[in-house]
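Single-structure report; data block below.
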Amino acid sequence: NVYAVGDSDEVESSMLEWAQEYYDNEGIEYMDRYYLDDYIEINDISDFVDQEVDNMMMMMDDDDIIEEAGYDKDEMMDNMGSLVSKVAEIKEEMEDIQTEREHLQEVLDDLEVEDEDAYETEEYKEIEEQQNDLEYEWDNKDSEVDGLDDEINELEYEIENLLDTAKDELRDTKIEELVSEIEDEGIDYFIDHFGYAIDDVINDYNYKDK
């Protein structure tokens, strides 16, 4: 057993000095794992993680990448189809409204032919009011079409760029998950997954003394 006296900083320094001497004389494979787990930590695994994640994603089909990233391309296409159909439906309604407005205008013109003061009659005013209502309704539907067109354009852009978006998001997620896994498992991650000896892990994967 190894004992050290003094305050916490002095104890820490003594333990590190002993560990270095033990490592130099005996080799790391003879050191107790509990000590290694306490005094060895990850330095920089970014290059390793990047390469591992890139290799994972190279083995995935495009559809799998999109699905695992949480997207449903078929559903997006269906949504766009529904929006396109809705626009077509509204435009048909707008054509009907326009036809009705033109018909009312013809009625007004006929009334004026029959009586130059027809614009003062209740009938004339009621027809004008109907025209105004139809114009208001047409404008609302026109605005609705503009909004739907914006949605269609946005969705179309998302679909066109879906694979790139899914790749970026999934890559970030996998990097975060792998880093977390390595930090949780420490040295054992490389030993269990790759069969490395402890000293190889420390040398090859940038572990360092705390």
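The values are calculated or read from the model by the stated rules, or taken from the named source; none is laboratory data. Worth saying up front: this structure is predicted, and the values here are computed from it rather than measured. Heads up, the Cβs are rebuilt from the backbone with ideal geometry, glycines too, and the neighbour counts pull from every protein chain shown. Accessible surface is based on the protein model in full, side chains and every heavy atom, while ligands, DNA and RNA are left aside. Shrake-Rupley method; radii C 1.70, N 1.55, O 1.52, S 1.80 Å.
Worth pointing out:
- Residue that is least open to solvent (accessible area, probe 1.4 Å) [pool: residues in region 81-103 that are touching a residue at least 40 places away in the same chain (Cβ under 8 Å) and of a type in the set (Lys, Arg)]: Lys86
- Where Asn25 falls short, out of the listed (1) modelled with pLDDT under 95; (2) outside any helix (DSSP H, G or I): (2)
- Search result, residues across region 165-201 that are surrounded by 13 or more Cβ atoms within 10 Å (Cβ to Cβ), among the acidic types (Asp, Glu) and at pLDDT 95 or above: Glu169
- Index of the failed condition, Asp74 passing every other in (1) in a helix (DSSP H, G or I); (2) in contact (Cβ under 8 Å) with a residue 24 or more places away in the chain: (2)
- Any hit, region 57-69, residues being assigned to a loop (DSSP other than H, G, I, E, B) and open to solvent by 70 Å² or more (accessible area, probe 1.4 Å): yes
- Cross-chain or 6+ apart pairs with Cβ under 7 Å, region 138-154 first and closer than 15 Å to Ser85 by Cβ, then open to solvent by 70 Å² or more (accessible area, probe 1.4 Å): Val145/Lys91; Leu148/Lys86; Ile152/Val84
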